[in-house]
Amino acid sequence: MYLLVPLLGGAIVHGLCMKHGWFAFLARPIDRGVKLRGEHLFGHSKTLRGPILVAAGSAAVFAFQQDVLHHFAPFAQLELVDYAHLPRAWFAALAGAAAELAELPNSFAKRRLNIPPGGTASGALGALFFVWDQVDLLLGFWLVVGWAVPVSSVRVATSLVAVGVLHPLVTVAGYFAGMRDSAR
């Protein structure tokens, strides 16, 4: 779970910027207004601000883990690998951006099914999208992190469980803190 902490930092930075309107010039849709059958590819909520600020927040937290916490035994014991030998903060920035961009296929599918941003479907489709909403970011995350950290079924399963439990809690907390438009 310690390896996932930079993503939380990225989410907090992005949420604060959405709440306060910071970096509004980046709040332009990733799909640049391109439409398919009259609908935006990803929706208005998927903007350039997301991957850029999640990357920045992830890099800042990772740099803190690597340059400060790594030197304190209680935190160093949480490391899966020796953080001193991992790439620098650009690595976490890339992982954060990739995690954010990995949400795009989910958004694309929802727009094709006329599910609005922050909305939900019902029944089995709703359950499928709920699970997908929780874990989609891990695909992008592991595609990058796997370059430097050995990927194992235990590590991936642990990250799935951690994100599956924590992501909904972070989402609800972000909603109540005014950082999100919906609690989903």
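The values are calculated or read from the model by the stated rules, or taken from the named source; none is laboratory data. Just so it is clear, the structure is predicted and the values come from calculations on it, not from any experiment. Cβ atoms come from the backbone with ideal geometry, glycine included; neighbour counts cover every protein chain shown. Side chains included, ligands, DNA and RNA excluded: accessible areas come from the protein's heavy atoms. Shrake-Rupley method; radii C 1.70, N 1.55, O 1.52, S 1.80 Å.
Which entry in (1) 23.8, 82; (2) 15.5, 44; (3) 16.7, 56 matches Rg and Dmax of the Cα atoms in Å derived from the coordinates of this structure?
Computed from these coordinates, Rg and Dmax of the Cα atoms in Å corresponds to label (3).
In whole Å, what is the distance between the alpha-carbon centres of the stretch 21-73 and the stretch 152-184?
That distance is 16 Å.
Can you give me the long-range amide H partners of Arg180? Hydrogens built in the peptide plane at 1.01 Å from N, cutoff under 5 Å, separation of 5 or more residues or another chain.
Answer set, sorted by chain and number: Tyr175.
Per residue, how much accessible area does the chain have with a 1.4 Å probe, in Å²?
Averaged over the residues of the chain, the accessible area is 54 Å².
For the chain, give the percent of accessible area contributed by carbon and sulfur heavy atoms, probe 1.4 Å, rounded to a whole number.
Within the chain, the accessible surface is 70 percent carbon and sulfur.
Cα axis of helix 49-67 to longest principal axis of the chain: angle in degrees, 0 to 90, nearest 10?
Tilt of helix 49-67: around 10 degrees.
Relative contact order for the chain using alpha-carbon pairs under 8 Å, separation at least 6, rounded to a whole percent?
Value for the chain: 24 percent.
With point charges of +1 on the Cβ of Lys and Arg and -1 on the Cβ of Asp and Glu, referenced to the Cα centre of the stretch 26-184, which listed residue (Leu166, Ile52, Pro74) lies farthest in the positive direction of the dipole?
Of the listed residues, the answer is Ile52.
State, to one decimal in nm, how far the label point of Leu113 lies from the label point of Leu166, with both points 7 Å from Cα in the Cβ direction.
About 2.7 nm separates the two model spin labels.
Please give the helix 89-101 orientation as an angle from the longest Cα principal axis of the chain, in degrees from 0 to 90, rounded to the nearest 10.
That helix lies at roughly 30 degrees to the long axis.
Whole-Hz ³J(HN,Hα) for each residue in the stretch 161-178, computed from phi via Karplus 6.51 cos²θ - 1.76 cosθ + 1.60 with θ = phi - 60°, x for glycine and proline: what do you get?
With coefficients 6.51, -1.76 and 1.60, one gets 5, 4, 5, x, 8, 7, 4, x, 5, 5, 4, 5, 4, x, 5, 5, 8, x Hz.
Could you go through the stretch 33-42 in sequence order and give the Karplus-derived ³J(HN,Hα) for each residue, using 6.51 cos²θ - 1.76 cosθ + 1.60 with θ = phi - 60°, rounded to whole Hz, and x for Gly and Pro?
x, 5, 10, 10, 6, x, 10, 4, 4, 10
Which value, in debye to the nearest 20, describes the size of the charge dipole of the chain about its Cα centre when Lys and Arg Cβ atoms bear +1, Asp and Glu Cβ atoms bear -1, and nothing else is charged?
Once rounded to the nearest 20, the dipole reads 680 debye.
What is the set of long-range amide H partners of Phe42 at a cut-off below 5 Å, with H atoms built 1.01 Å from backbone N?
So Phe42 has HN proximity to Asp31.
5 Å is the cut-off here: which amide hydrogens, built 1.01 Å from N in the peptide plane, fall below it relative to Thr47, excluding neighbours closer than 5 in sequence?
Long-range HN contacts for Thr47: Ile30.
Name all residues of the stretch 48-85 having a backbone nitrogen under 16 Å from the label point set 7 Å from the Cα of Arg32 along its Cα→Cβ direction, giving them as ranges.
What the label zone holds, given the 16 Å backbone N cut-off, is 48-49.
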